[in-house]
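Right, one structure below, let's go through it.
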Amino acid sequence: KAGVTQTPRYLIKTRGQQVTLSCSPISGHRSVSWYQQTPGQGLQFLFEYFSETQRNKGNFPGRFSGRQFSNSRSEMNVSTLELGDSALYLCASSLALTGGNGEQYFGPGTRLTVT
Amino acid sequence: ELKVEQNPLFLSMQEGKNYTIYCNYSTTSDRLYWYRQDPGKSLESLFVLLSNGAVKQEGRLMASLDTKARLSTLHITAAVHDLSATYFCAGTSRFAGNMLTFGGGTRLMVKP
């Protein structure tokens, strides 16, 4: 079974630009969550999508948005990039919203550098 | 709001020694996770603990959960250099789906 895939793996953007990151969950998984990892703030939850609906949202500004498609693939978008948005962005795939064995699997991440 | 704290933040140990990483959390947590992260890499799932008294073991790592004490531990037995990595615990809250709240991580260095 293929794992979670994320594209692109590396990105360099300039302040003020926008960026779109993509995540394809494990086949059959319907929940996709996004996290930002920085040395200063650690791992922080951005949002979770299940069945094309945003189910939970972390404490990030509105510049961060996402969506999920009918095939469970998810994208997140960051508009008007700031230097502080430089981070490793990770997505996690899970079978269901709750219950089950609770396993959540992470993709390889997208490393975003904002200059 | 769930808060998760790990200690120690940094752990340097000799090969062959035993040690424990502690993970305290502030409110009721449905599920408790342990992940490993190598430098520049993503998170690798180690354990998911679902109920009080749960104990899981894989190789030299053993994780346990005490929901009454709001404490999970990751015990390392006879450490080897390959275990050098950063270890994170994370919890979920009821009614918050799969949202993970992470601890700050424990950076483990195992010296030969």
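Miscellaneous remarks
- The residue that is farthest from the other protein chains (Cβ to nearest Cβ), counting only those in region A:25-43 that are polar (S, T, N, Q) and surrounded by fewer than 17 Cβ atoms within 10 Å (Cβ to Cβ), is A:Ser27.
- Total residues in region B:53-112 satisfying the condition of being exposed (fewer than 15 other Cβ atoms within 10 Å of the Cβ) and small (Gly, Ala, Ser): the figure is 4.
- Some residue of region A:6-16 being surrounded by 13 or more Cβ atoms within 10 Å (Cβ to Cβ), of a type in the set (A, V, I, L, M, F, W, C) and more than 15 Å from B:Leu100 (Cα to Cα): yes
- Residue in region A:64-86 that is surrounded by fewer than 20 Cβ atoms within 10 Å (Cβ to Cβ), at pLDDT 95 or above and closer than 21 Å to B:Thr86 by Cα present: yes
Yes or no, residue by residue, for (1) under 14 Å from B:Asn98 (Cβ atoms); (2) more than 14 Å from the chain's Cα centre (by Cα); (3) part of a strand (DSSP E or B):
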position: A:Ser22; (1), (2), (3): no, no, yes
position: A:Gln36; (1), (2), (3): no, no, yes
position: A:Glu48; (1), (2), (3): yes, no, yes
position: A:Phe60; (1), (2), (3): no, no, no
position: A:Ser65; (1), (2), (3): no, no, yes
position: A:Asn77; (1), (2), (3): no, no, yes
position: A:Gly84; (1), (2), (3): no, yes, no
position: A:Tyr105; (1), (2), (3): yes, no, yes
position: A:Leu112; (1), (2), (3): no, no, yes
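- Scanning region A:87-104 for residues that are within 8 Å of another protein chain (Cβ to nearest Cβ) and modelled with pLDDT under 95 yields a total of 7.
- Test: B:Arg107 is within 11 Å of another protein chain (Cβ to nearest Cβ), touching a residue at least 40 places away in the same chain (Cβ under 8 Å) and among the charged types (D, E, K, R): no
- Only one of B:Arg36, B:Arg70 that is basic (Lys, Arg) and either at pLDDT 95 or above or within 19 Å of A:Asn101 (Cβ to Cβ) (or both): B:Arg36
- Scanning region B:26-52 for residues that are of a type in the set (Asp, Glu) and over 17 Å from B:Phe95 (Cα atoms), we see that the one that is nearest to the other protein chains (Cβ to nearest Cβ) is B:Glu44.
The values are calculated or read from the model by the stated rules, or taken from the named source; none is laboratory data. Note that the coordinates shown come from a computational prediction; the quantities given were computed from them, not determined experimentally. Every residue, glycine among them, receives a Cβ derived from its backbone with ideal geometry; neighbour counts consider all protein chains shown.
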